[in-house]
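Colleague: I have a structure here, written as C-alpha cells, and I will follow up with some questions on it.
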Amino acid sequence: MADPRGFLTVTDRVTQPRRPVPVRIMDYQEVYERQQDGVLKEQASRCMDCGIPFCHQGCPLGNLIPEWNDLTWQGRRSEASDRLHETNNFPEFTGRLCPAPCESSCVLGINQPAVTIKQVEVSIAEQAFEDGSVIPVPAERHTDQTVAIVGSGPAGLAAAQQLTRAGHTVAVYERDDAIGGLLRYGIPDFKMEKNVLERRLDQMRAEGTRFRTNVELGRDISWDQLRRRYDAVVVATGSTVPRDLPIPGRELDGVEFAMDYLVPSNRAVAGQADPGLIDAAGKHVVILGGGDTGADCIGTAHRQQAASVTTLAIGKQPPGERPGHQPWPMFPTLFEVASAHEEGGERTYLASTVEFVGEDGRVTGVMVAETEFIDGARRPKAGTERVIPADLVLLALGFTGPEPAGLDEQAGIDFDDRGNVARDGYYMTNTPGVFAAGDAGRGQSLIVWAIAEGRSCAAAVDKYLMGETRLPAPVAPTDQPIGMI
C-alpha cells in the first residue's frame, strides 16, 4: 500500500494550508486552500501496508482508505475517485466537515502523527469534479415503487441517492426554501461554500431524484397523507431541538440559541434578507459550548467584527495528547484548535454559568463560577462568582432530539427514552413502511454517521420494497457493521 517505506522517509504530517487570518476574516470564503500535488502524494505515501488497517474501524462508512491512499501516491486519480465513491456518496462533504475518527484509528498514529486521511479524501473528490469524472449514475432499471425522504441533510440525501440508483422513484421533502438541511443554512460558508453542495445536487437531479422545498410535514401535508401516497417513507429530519439552559435571566433579550444566530447569518451570506438576523458587530459575545457549533459561532462573530468573543465550557480543558483511558484506536477527547479558534477569542474552562445578568430586559453579562467536582458531579463553587460582560450570549449546548412535527399524533410513531424516533435493527419504526435514519434516530452525531445510516437505511427500504437488496449497508442502528442486509 502506497510507498512501503513512505512512513519512514516522510515523517512530518503536513495538513491543508489555510488562508491568513487577517485575510479570511474579511469574507466568508472557505478557510482551507488546495494542497500542492507533490505534498499530497508525499502525505498519501505515509499510509502503511498495515496487516489490519484500523482506519476501517474508525470510519462508519468503511471507506477503503489504504486503497485510495495508494492510488493517490501513484497518481491514478480517476481510480482513487472510484474507490472513494464506492463507500461514500459525498466525500467532498466529509472531507471538509468530518472530525476524521479514521485518523484517530490510523496504525501509524501509535507512535507518529497519523496519515492526513481527511486531506487526501477531499483532494480526491475535488480533483474528480475538476476532471469531470463525477457524472450522473442513472438506474439500470426502474421499479414501480415510490419513496419519500423527509429531510434533506446528509442522511436524507444519501438515502435518496442510493434508492434512486436502485430504480425507485424518490422525492425529498424539505421545509426550507432550498435543499441541504444543515449543510445549507447550518454550516457557514467559511467551512463549506454552497457551490460544493449545489454541484452534488445537480448530479442527483440528473439521476432522477426529485426535490420538494417549502413543504413542512405535519403542517403543509400530514404524515398520514404522505404514507398513503408513497410505498415507503424515510424520516431524516435530524436532531434539531436545541438544549436549553433554564437559569435566572434566560428570558433576557440577547440570550439566543446558536442556530437562531447562525441560520439567518448564513442566509444573509447567500444574499437573502432575513428579519431574524443577529449582528454581533461591536458586541461582546459569549458562547456557551465548545463543540463544532460553538466554533461556527466564533468564526461568524469574528467576521461580523464583534468587539470580543469568549467561549465558556463547564468541564476541564481536554489534554493535548491521547489520555490513558482512551487508548488507540479509540476516538479521544483532545484539546483542538479549529480554524475559528485561530482567529481570536478567549476559551475559558471550568466555568459554570450561574445567571444571565441584564438591565432593562437585555443581557449585559454572564455570571460564572469556578466548576468543582463533588462525587463526580460538576457544581459551581461558592465564592468564586464573577461577571463576564456580554451583549450577546449564544447557547451552543447541543441538541436533544428531533422535532415531533406530528409524527406521534398523525403517524403513531414511537419515540425512545432519549427523545429520538424509535426503530428496529433495520431502521423501521413501529409503523410498517416508515423508516428513520441519521440524527432523527440516533441523536446528535457526526456527518459521517449520517451518511452511513442513510446508505444502510436505503438498503433496508430496498429490501422492504423488493424482498431483496444489493445495496451496501455499512452500519446497523446499534453502531455495529452489518454488511449486506
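Colleague: Between ARG34 and TYR349, what length comes free when the chain is fully extended (0.36 nm per residue of separation minus the Cα-Cα distance, one decimal in nm)?
Modeller: Gain on extension, ARG34 to TYR349, equals 110.0 nm.
Colleague: Right, next: Take the Cβ-Cβ distance between ARG5 and LYS316 as r, set R0 to 45 Å, and report the resulting FRET efficiency rounded to the nearest 0.05.
Modeller: Taking R0 as 45 Å, the efficiency between ARG5 and LYS316 is 0.65.
Colleague: Let me confirm the definition first: pairs of Lys residues in the chain, 8 or more apart or on different chains, C-alpha distance under 22 Å. How many are there?
Modeller: Step by step, the pairs that qualify in the chain add up to 4.
Colleague: Now a separate question. Along the charge dipole of region 60-137, pointing to its positive end and built from +1/-1 on Cβ of Lys, Arg, Asp and Glu, which listed residue (SER105, PRO60, ILE135) has its Cα farthest out?
Modeller: Most positive-ward Cα: SER105.
Colleague: For region 395-485, which GluC sites (Glu not before Pro) pass both filters: DSSP loop (anything but H, G, I, E, B) and at most 14 other C-beta atoms within 10 Å?
Modeller: Passing both the DSSP loop test and the Cβ count: GLU468.
Colleague: Could you work out what % of the accessible surface of the chain is carbon and sulfur, using a 1.4 angstrom probe and leaving DNA, RNA and ligands out of the count?
Modeller: 50
Colleague: Which of the listed residues, PRO20, ILE117, GLY153, is farthest toward the dipole's positive end in region 1-157, when Lys, Arg count +1 and Asp, Glu count -1 at the beta-carbon?
Modeller: PRO20
Colleague: Quick one: ranking TYR173, TYR426 by accessible area, 1.4 Å probe, largest first, what do you get?
Modeller: Sorted descending by solvent-accessible area, the residues read TYR426, TYR173.
Colleague: Could the peptides 120-127, 108-115 be put in order, highest first, of the mean number of other beta-carbon atoms found within 10 Å of their residues?
Modeller: Averaged packing, sorted descending, gives the order 120-127, 108-115.
Colleague: So what's the net charge close to ASP49: Lys and Arg +1, Asp and Glu -1, counting the other residues with Cβ under 13 Å from its Cβ?
Modeller: On the way: positive: ARG5, ARG46; negative: ASP3, GLU67, ASP70.
For residues surrounding ASP49, the net value is -1.
Colleague: Find which of GLY412, PRO389, TRP328 sits farthest along the positive direction of the dipole of region 300-420, computed with +1 on the beta-carbon of Lys and Arg, -1 on that of Asp and Glu, about the Cα centre.
Modeller: So the residue furthest toward the plus end is TRP328.
Colleague: OK, next. Among 237-246, 220-229, how do they line up by average Cβ neighbours within 10 Å per residue, starting with the highest?
Modeller: Most protected by this proxy first, the peptides run 237-246, 220-229.
Colleague: Right, something else. Just how far, in whole angstrom, is region 264-300 from region 168-209 if you go by their alpha carbon centroids?
Modeller: 21
Colleague: Is it possible to state the helix-based mean residue ellipticity at 222 nm for the chain, with each DSSP H run of 4+ residues giving -39500 (n - 2.57), the sum divided by total residues, to the nearest 500 deg cm²/dmol? What is it? Present the calculation step by step, with values, prior to reporting the outcome.
Modeller: Details: 19 runs with 162 residues, N = 485.
The helix-only estimate for the chain comes to -9000 deg cm²/dmol at 222 nm.
Colleague: Now a separate question. Could you state the principal axis extents of the C-alpha atoms in region 160-276, from the largest down, to the nearest angstrom?
Modeller: 54, 34, 22
Colleague: Taking the Cα atoms of region 275-399 alone, what are Rg (to one decimal) and Dmax (as a whole number) in Å?
Modeller: My reading of the Cα-based Rg and Dmax gives 15.8, 53 Å.
Colleague: Further question: Could you sort 429-440, 274-285, 188-199 so that the peptide with the highest average Cβ count within 10 Å comes first and the rest follow in order?
Modeller: Those peptides, ordered most packed to least, come out 429-440, 188-199, 274-285.
Colleague: Normalise the Debye intensity by I(0) for the chain, one equal point scatterer per Cα, no solvent, then take log10 at q = 0.10 Å⁻¹ and round to two decimals.
Modeller: Debye intensities relative to I(0), on a log10 scale: -0.81.
Colleague: Quick one: accessible surface of THR400, probe radius 1.4 Å, all protein chains present, in square angstrom to the nearest 10.
Modeller: 60
Colleague: Can you work out the base-10 log of I(q)/I(0) for region 433-478 at q = 0.21, 0.26 1/Å, using the Debye formula on its C-alpha atoms alone?
Modeller: Here log10 of I(q) over I(0) equals -0.64, -0.90.
Colleague: With only Lys, Arg, Asp and Glu charged, each at its Cβ (+1 for the first two, -1 for the last two), find how big the charge dipole of the chain is about the Cα centre; round to the nearest 20 debye.
Modeller: 580
Colleague: Let me ask you something else. Between ARG250 and ARG470, what FRET efficiency follows from the Cβ-Cβ distance if R0 is 45 Å, with the result rounded to 0.05?
Modeller: 0.30
Colleague: Within 14 Å, Cβ to Cβ, of ASP82, how many net charges do the neighbouring residues add up to if Lys/Arg are +1 and Asp/Glu are -1?
Modeller: Result for the neighbourhood of ASP82: -3.
Colleague: Take the Cα pairs of region 50-103, get the Kirkwood Rh, then feed it into Stokes-Einstein at 10 °C and 1.306 mPa s and tell me D in µm²/s.
Modeller: After rounding, the answer is 138 µm²/s.
Colleague: Could you grab the relative contact order for region 252-332? Cα pairs under 8 Å, six or more apart, rounded to a whole percent.
Modeller: It rounds to 26 percent for region 252-332.
Colleague: Roughly what would the spin-label model give for ASP131 and ASN430, points 7 Å off Cα along C-beta, in nm?
Modeller: In this crude spin-label approximation the distance works out to 5.1 nm.
Colleague: Would you calculate the separation in nanometres between label points at VAL215 and ARG386, each defined as 7 Å from the Cα along the Cα-to-beta-carbon direction?
Modeller: 5.5
Colleague: Just the accessible area for THR87, please: 1.4 Å probe, Å², rounded to the nearest 10?
Modeller: 20
Colleague: Magnitude of the Cβ-charge dipole of region 281-408, K/R +1 and D/E -1, about the Cα centre, nearest 20 debye?
Modeller: 260
Colleague: Something else about it: Run the dipole for region 1-140 about the Cα centre, Lys and Arg Cβ at +1, Asp and Glu Cβ at -1, nothing else charged, and hand back the magnitude in debye, nearest 20. Don't skip to the end; give the middle numbers.
Modeller: Details: 13 positive and 20 negative charges, 103 e Å.
For region 1-140, the charge dipole is close to 500 debye.
Colleague: I would also like to ask the following. Kirkwood hydrodynamic radius of region 76-232 from all distinct Cα pairs, in Å?
Modeller: Taking every pair of different Cα atoms in region 76-232, averaging 1/r and inverting gives 17.1 Å.
Colleague: Add +1 for every Lys or Arg and -1 for every Asp or Glu among the other residues with Cβ under 13 Å from the Cβ of ARG165, and state the total.
Modeller: -1
Colleague: Counting heavy atoms of the protein chains only and a 1.4 Å probe, report the per residue accessible area for the chain as a whole number of Å².
Modeller: With the other protein chains kept in place, the chain gives 43 Å² per residue.
Colleague: Which value in Å does the Kirkwood hydrodynamic radius of region 391-485 take, with 1/r averaged over all unlike C-alpha pairs and then inverted?
Modeller: Radius from the Kirkwood sum: 14.2 Å.
The values are calculated or read from the model by the stated rules, or taken from the named source; none is laboratory data. Predicted model, so just to flag it, every value in this text is computed and none were measured. For neighbour counting, all protein chains shown are included, and Cβ atoms are generated from backbone atoms with ideal geometry for every residue, glycine included. SASA here: full protein model, heavy atoms, side chains in, ligands and nucleic acids out. Shrake-Rupley method; radii C 1.70, N 1.55, O 1.52, S 1.80 Å.
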